[in-house]
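The values are calculated or read from the model by the stated rules, or taken from the named source; none is laboratory data. Predicted model only: the values in this text are computed from it and were never measured. Cβ coordinates were reconstructed from backbone atoms using ideal geometry, including for glycine residues, and neighbour counts include every protein chain displayed. When the accessible area is computed, the model is the full protein with side chains, heavy atoms only, and any ligands, DNA or RNA have been set aside. Shrake-Rupley method; radii C 1.70, N 1.55, O 1.52, S 1.80 Å.
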Amino acid sequence: MINRLRHLALRSIRHKLIFASIVCIVVPAVISLIVYNGLSREAVKRQAVSNARDSLQLVAGSVTNLLSSKLNIANYIQVNSGLNTYFKQVASGNEEKDPYRRFTEANRVLEQLDSLTVVGEQTYVTVLLTNGAYYMNYSVSDYNPPDLTRQPWFRQMKELRGLESYWTGPERTVYVQDQADHPYQLSIARSLRLANSEIYGYVVVSWVEDQVSGIFDRLSKGNRVLMVDGSGTIVSGPAGQIGRKFAYADLNEGTKPYSIERIDGEKFLMVEQEIPMNGWHLVLMQPYRDAIVDLNAIFSKVFLFEMISFFVFLLLLIVLVRRFTTPLVRLGKVTNAVQRGNLDVRSGVAGNDEIGRLGLLFDQMLDRVKEMIAEVSDHQARKRRAELKMLQAQIHPHFLFNVLNSIRMKVMKRGDPESAKMIGSLSVLLRMTISREDDEILLHEEIDLVSHYVALMNLRQKEEALLQLDIDPEAFLIKVPRFFLQPLVENAMIHGLSRQAGTISIRAVTEAERIILTVADDGAGMEEERRQELMRILNGAAYEAEPSPSSGSFSGIGLPNVAERMNMMFGDGFQACVNSEPGAGTVIEMHIPRKEGLRDV
């Protein structure tokens, strides 16, 4: 029985976490749902309607203030005695005869019109007199005021009496500077009359529709708000709906303070409020599911219950997850230690589930990696020693014979000190090749070796090659593989200069993290195909196990061997680049890291 229970127990970490999540999340959710369904939905609806009406009332207040400010501009012009007197004189042809005084008075009127709209958003004010004179606070280049008489609504101005106003509704923006960014405008118009009710002028105040819809965007909290005139036409709102009939204008018919309508498959709560000055209406359309979010009193008990249950089950979930994931945390710490290079740390995690098996396998893997690193390190060390011994034993006898014979002939014919110098150079090379067992030397030793090598090679040639050195003093102290420059110089003399006179330059520049070492010749250069092949060789794409005995090489190292040993010593930090064109010489540039790093790992 006990064995069966153990078999049925949750042994997988995945199953444990899934079960704990279900218990800690589903149970409180189900209980909360039961409590929620037992509460009154009608109260939620009333609260949503109240919130929507409050939001619409706030919008209506701002819109009313905006429209009132436009109406006040028209009122001021119509009731201002100074302006009216001046306009009547101009309309009757009795204006000032003196041009300067006439200009001064006209300018004073324009300044007054400008002062009416100096504060707040842009408003266009036009006073159009029956004799064709006009005054406005904008440029004629934006709009020609007499064109107002061509508007369809202009003839209705004659029916206005007293302080009656005509609200034009939405129309395309006629002012040039706003046409691109503000497609629609609204206007309020009034007629100016004499004491006998004869019309002598008109006042038109216009503004862009965005001023109204901007209020909707700022105050409606994401709800959709429209302004509709008495005929059901949308005056302000989304640009794509302006000027269209509002399909739900007569839904309520004044019988209910709100309505819930389905539009495009989604329920909307709709409330409206009248703007008293012109009979227009504001309609707020709020998604019903958003409207009932604020549950206030109904959700107070649910909220208290959910908070208590949430914290209880959250605490339980934290305890369980911490218990289940403690081995994972331990494994993570061990992984970080291994990443820093510590291969001696072990997790010590054990168990019958996936985490336990993972910890055991991880520890076994670290043991095996450590063993393999020791094996590889020992193998690489033995390989390098063997390669060095092989290289030491591969001095080309024919070359030695030719060099010694040349030195002998010079001694016999001249008897000058230069021969002694050549013999000394050969002695240095032989000593470096045969007597030393370490395969890493300082760069200045390698440069000295190459100098002797060039001097000896010049004995075999009819024309001498010139070796130029430009080495950063700091670069002299880096360690490099022995004979890594000799194959490059040999390649330059034999293939680049073709054993003719020329210049071989070796340059070393020290940077923050690397040494840039350049070997260049002014010889024949090479074709692109050969350059690409040499690039692949120097970057480790190919490696010759045994150099060709017919290559004429001093040491038989070969370029692949150079690349192999540089990669063994410096790892991926070593890079080589070859630049060459036929007739333009060859430049081999090597990037050598200043810090060696952990090559064994």
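Numbers at a glance
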quantity: Residues of the range 349-387 that turn out to be within 44 Å of the chain's Cα centre (by Cα), surrounded by 15 or more Cβ atoms within 10 Å (Cβ to Cβ) and assigned to a helix (DSSP H, G or I), as a count; calculated: 8
quantity: Qualifying residue in the range 512-532 (condition: touching a Lys or Arg at 6+ places or on another chain (Cβ under 8 Å), open to solvent by less than 40 Å² (accessible area, probe 1.4 Å), at pLDDT 85 or above and closer than 30 Å to Arg382 by Cβ); calculated: yes
quantity: Flag for Arg499 being part of a helix (DSSP H, G or I) and either at pLDDT below 85 or not polar (S, T, N, Q) (or both); calculated: no
quantity: Of all residues making up the range 559-588, the number that are buried (at least 18 other Cβ atoms within 10 Å of the Cβ), in a helix (DSSP H, G or I) and either basic (Lys, Arg) or in contact (Cβ under 8 Å) with a residue 60 or more places away in the chain (or both); calculated: 6
quantity: From the options Leu317, Leu295, residue that is modelled with pLDDT under 80 and more than 30 Å from Lys267 (Cβ to Cβ); calculated: Leu317
quantity: Residue satisfying condition, being open to solvent by less than 60 Å² (accessible area, probe 1.4 Å), touching a residue at least 24 places away in the same chain (Cβ under 8 Å), in a helix (DSSP H, G or I) and not basic (Lys, Arg), within set Asp147, Asp142; calculated: Asp147
quantity: From Gly162, Gly132, residue being modelled with pLDDT under 85, of a type outside the set (Val, Ile, Thr) and in a loop (DSSP other than H, G, I, E, B); calculated: Gly162
quantity: Verdict on Asp472 being open to solvent by 10 Å² or more (accessible area, probe 1.4 Å), farther than 17 Å from Glu445 by Cα and not polar (S, T, N, Q); calculated: no
quantity: Checking Ile395 against (1) open to solvent by less than 50 Å² (accessible area, probe 1.4 Å); (2) at pLDDT 75 or above, the condition it does not meet; calculated: (2)
quantity: Given (1) within 30 Å of Met568 (Cα to Cα); (2) at pLDDT below 80; (3) among the aromatic types (Phe, Trp, Tyr), number of the condition Phe310 does not satisfy; calculated: (1)
quantity: Selection status of Gly230, surrounded by fewer than 21 Cβ atoms within 10 Å (Cβ to Cβ), modelled with pLDDT of 85 or more and not in a strand (DSSP E or B); calculated: no
quantity: Check on Leu466, closer than 28 Å to Arg530 by Cα, open to solvent by 40 Å² or more (accessible area, probe 1.4 Å) and either within 48 Å of the chain's Cα centre (by Cα) or modelled with pLDDT of 85 or more (or both); calculated: yes
quantity: Filtered residue count, the range 27-43, keeping only those that are modelled with pLDDT of 70 or more and either within 15 Å of Met307 (Cα to Cα) or open to solvent by less than 50 Å² (accessible area, probe 1.4 Å) (or both); calculated: 7
quantity: Qualifying positions in the range 62-76 - of a type outside the set (Val, Ile, Thr) and within 43 Å of the chain's Cα centre (by Cα); calculated: Ser62, Leu66
quantity: Filtered residues of the range 167-209 (kept if among the hydrophobic types (A, V, I, L, M, F, W, C), surrounded by fewer than 17 Cβ atoms within 10 Å (Cβ to Cβ) and part of a loop (DSSP other than H, G, I, E, B)); calculated: Ala180, Leu194, Ala195
